[in-house]
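The values are calculated or read from the model by the stated rules, or taken from the named source; none is laboratory data. The structure displayed is predicted, hence computed values, not measured ones. Cβ sites come from the backbone with ideal geometry, for glycine too, and all protein chains shown count toward neighbours. Quick note on the areas: whole protein, heavy atoms, side chains included, nothing else; ligands and nucleic acids left out. Shrake-Rupley method; radii C 1.70, N 1.55, O 1.52, S 1.80 Å.
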Amino acid sequence: MKKLLLYLTFIAMLAGLAKAQQGSDPRVADLVQAGKIRVGMHSVMYKKDPQTGEPKGAGVGIIFLDIARALGARIGAEIVPVGFPTIPEMMTCLTSGACDMGFMGPDPSRTGLDFSLPILQLDYTLLVPAASSIQRIADVDRSGVRIAVVRDHASTLTLSRILKHAQLVYAATPDPTFELLRSGQADAFASVRGVLLAYSAKLPGSRVLDEHYGANLVGIAVPKGHAARLAYISEFIEQAKASGLVQQAIDRSGLPGYKVASARTN
């Protein structure tokens, strides 16, 4: 019953945001004409439907797709998720124009893209096994400590700028990164809290640290040269946060570790 009420409330909010945009807006006229919005998603954000092979939301991607559909309803175009195993592949889709937008946090290394105002705050922290002596973030930066990380993930980029002594051990996607920890090839796994909480359930006795070493303020990325589209998206995001739609999407997902971003960074 609770999930049904959350769903109905979310639909009502979605309808309200759709009505808030009356008539055609020239800033997204190309998307309206195309009739679809190709939305890039990466790694833990999606999984393939076993029957159709089409990507669908998974993990935090469930939240993001709810928000994307609200944006699509407001614009008047169908949301078409496009899944990529790695972040660089998704970035290539965006920079080449094969994707119209994608969910990603800003980083100076991510050239060729512009970023909207943030939607969600994803805290960066660590997952450690049951016998680990690591209790705080400060405990991890020691010689001989190996930290499993996803290559090119925002949490990895941030950590690489902080660490002075610990060694980063890379994998291309989250699943093999977790295997580095589970197999004993790493002493900790660094990522966003929500992702680590899900993996912690697969490793008995493991702990996700309470502290965090930064946060990913994830918004929507668009290829450079689409300033008008970006302005439209940022306006939508602010309305979605103020109306409670983003919080409703988080509540509907039932996923812990995610919160509405409050900071304006653009």
Residue by residue through the range 158-174, which ³J(HN,Hα) values in whole Hz follow from phi under the Karplus form 6.51 cos²θ - 1.76 cosθ + 1.60 (θ = phi - 60°), with glycine and proline marked x? 5, 5, 5, 8, 9, 6, 10, 10, 5, 9, 8, 10, 9, 9, 6, 9, x
What full-extension length gain, to one decimal in nm, is calculated for D30 and K259 as 0.36 nm per residue of separation minus the Cα-Cα distance? 79.3 nm
Amide H contacts under 5 Å for L113, placed H, 5+ residues apart: K224
Formal net charge of residues neighbouring L168 (Cβ-Cβ distance under 10 Å; K, R +1; D, E -1): +2
Determine ³J(HN,Hα), in whole Hz, for all residues of the range 100-113 in sequence, where each value follows from phi through the Karplus function 6.51 cos²θ - 1.76 cosθ + 1.60 and θ = phi - 60°; x replaces Gly and Pro. 7, 6, x, 8, 6, x, x, 7, x, 7, 8, 7, x, 10
Tell me the angle of helix 227-243 to the major Cα principal axis of the chain, expressed in degrees between 0 and 90 and rounded to the nearest ten. 80
In degrees rounded to 10, the 0-90 angle between helix 87-96 Cα long axis and the longest Cα principal axis of the chain is 30
On the accessible surface of the chain, probed at 1.4 Å, how many percent belong to carbon and sulfur atoms? 54
Where labels lie 7 Å past Cα in the beta-carbon direction, separation of T52 and A227 in nm: 3.8
Can you tell me the 0 to 90 degree angle between the C-alpha axis of helix 2-20 and the longest principal axis of the chain, rounded to 10? 50
Averaged per residue, the 1.4 Å probe accessible area of the range 49-188, protein heavy atoms only, in Å², is roughly 41
By DSSP, what percent of the beta bridges with both residues in the range 95-222 are antiparallel, rounded to the nearest 5? 70
Can you list the residues, at least 5 places off or on another chain, whose amide H is less than 5 Å from the amide H of V169, using H built in the peptide plane? I147, A148, V149
Please give the charge dipole size of the chain, origin at the Cα centre, charges +1 on K and R Cβ atoms and -1 on D and E Cβ atoms. Round to the nearest 20 debye. 280
Expected vector for the range 152-157, Karplus 3J(HN,Hα) from phi with 6.51, -1.76, 1.60 and θ = phi - 60°, integer Hz, x for Gly and Pro, equals 6, 6, 4, 5, 6, 4
DSSP bridge orientation in the chain - percent antiparallel, rounded to nearest 5: 60
